[in-house]
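The values are calculated or read from the model by the stated rules, or taken from the named source; none is laboratory data. Keep in mind it's a predicted model, so treat the numbers as computed, not measured. Note that each Cβ is placed from the backbone with ideal geometry, even for glycine, and that neighbours are counted across all protein chains shown.
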Amino acid sequence: MHTTTALFYVFSAVLLFASFRVITARSPVYAALYLVLAFFSASCVWMLLRAEFLAISLVLVYVGAVMVLFLFVVMMLDINVDSLRVGFWKHFPVAAAVGVVIALEMALVLMPGFDVRTAPEADAAALKLGNTKLLGIEIYTHYLYPLQIAAVLLLVAIVAAIALTLRRRKDSKYLDPSEQIKAKKADRMRLVKMAPTVELPPAPEAATGEKA
């Protein structure tokens, strides 16, 4: 057995163990940490399969951003885990059956790609470009329109998430930028005409009596 094959089985075993602990850990913090371990193990497997771009993307995007957000939310919120686990074993058979069906469907789709005999012979010049560059050429040539559609869908999802979570408090004070742009000089300043001279008020009677 080669070193690469041994490492593949080790990382795969760690990945399966961490994935199992994600759904069985009682603490949500431990579940999130096991998910981080699962992501790291998956990235190591992808590195062994020479998919460097996917491995680095998994670490940077999911471990570096998404999981940090998950941990921050889980640690800041007081989640009642006992109420979430009510009826777990009641629905476990249905969930397990659905999981097995999904795993079989993914296996049917992905297994033909691992058959080296049916794979076309790759050009020697193309292999020198590297995995990341080949992936970029494939995405931006054959899958350009699906990529643009996915980008538009993500943009719509971001705008919808902001619109759904936007709440205006009644006691908060804010300025409308459109009203500021429409403001004119007459709305900001008002000229008042006043007389040039003002009559002095009469002197008090006590002061006039003392002078007399």
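See the values below:
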read-out: Search result, residues across region 1-22 that are loosely packed, with under 12 Cβ neighbours inside 10 Å and of a type in the set (Val, Ile, Thr); value: THR3, THR4, THR5
read-out: Test: SER41 is of a type in the set (Ser, Thr, Tyr) and either more than 29 Å from SER83 (Cβ to Cβ) or under 22 Å from the mean Cα position of the chain (by Cα) (or both); value: yes
read-out: Exclusive hit being of a type in the set (A, V, I, L, M), surrounded by 10 or more Cβ atoms within 10 Å (Cβ to Cβ) and at pLDDT below 80, set LEU84, LEU166, LEU155; value: LEU84
read-out: SER57 being of a type outside the set (A, V, I, L, M), modelled with pLDDT under 85 and exposed (fewer than 15 other Cβ atoms within 10 Å of the Cβ); value: no
read-out: Residue satisfying all of: in region 39-53; in contact (Cβ under 8 Å) with a residue 60 or more places away in the chain and assigned to a helix (DSSP H, G or I); farthest from ILE139 (Cα to Cα) among these; value: GLU52
read-out: Test: ARG21 is farther than 30 Å from LYS133 by Cα and of a type in the set (Lys, Arg); value: yes
read-out: Whichever residue in region 1-31 is touching a residue at least 24 places away in the same chain (Cβ under 8 Å) and outside any helix (DSSP H, G or I) and, among such residues, is nearest to the chain's Cα centre (by Cα); value: SER27
read-out: Qualifying residue in region 61-76 (condition: at pLDDT below 85, over 24 Å from THR24 (Cβ atoms) and touching a helix residue (DSSP H, G or I) at 6+ places or on another chain (Cβ under 6 Å)); value: no
